[in-house]
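A quick write-up on the structure given underneath.
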């Protein structure tokens with residue numbers, strides 16, 4: 001993907017509406033960050049869903065490097081995705097720092 005947005009951030013890919021990836025993405029909207037009360041898709045934490053490889057994986061990031069809910073959030077993403085996919089999915093936490101520009105709508109954090 002070569003498209004870039006604000007400050008050089010690449011957007012998370014869009015998936016065809018009937019694809020398993022799109023269904024997983026929709027299921028992940030139920031996984032909310034307990035501190036911010038927005039879901040992992042709204043926050044832009046899910047960067048890629050790749051089911052077309054030997055070990056299917058979801059690439060995600062955390063809002064802070066020392067997020068106290070990291071383990072819980074990762075497990076919730078894994079559980080929600082596997083429920084849709086029906087097979088194990090590896091969760092790969094990316095080392096990049098999260099930025100509000102990754103969000104679907106950065107204005108959602110106004111007043112937070």
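Just so it is clear, none of the values below were taken in a lab; they were calculated from the coordinates. This structure is a prediction, so every number in the text was calculated from the model and none was measured. Using ideal geometry, Cβ is built from the backbone for each residue, glycine included, and neighbour counts are taken over all protein chains shown.
What the table below lists for this structure:
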quantity: Fully extended contour minus Cα-Cα distance, from residue 29 to residue 87, at 0.36 nm per residue; calculated: 18.9 nm
quantity: Computed FRET value (nearest 0.05) for residue 15 with residue 37, which takes r as the C-beta separation and R₀ as 25 Å; calculated: 0.50
quantity: Relative contact order for the stretch 13-103, counting Cα pairs under 8 Å that sit 6 or more residues apart, in percent; calculated: 31
quantity: Likely footprinting exposure, 79, 54, fewest C-beta neighbours within 10 Å first; calculated: 54, 79
quantity: Equivalent ellipsoid dimensions for the chain as semi-axes, Å, which come from the Cα gyration tensor, largest first; calculated: 21, 17, 13
quantity: Order of 33, 99 under a 10 Å beta carbon neighbour criterion, fewest first; calculated: 99, 33
quantity: Residue 109/residue 72 FRET efficiency (R0 25 Å; Cβ-Cβ; nearest 0.05); calculated: 0.75
quantity: Neighbour-count order for 66, 102, fewest beta carbons within 10 angstrom listed first; calculated: 66, 102
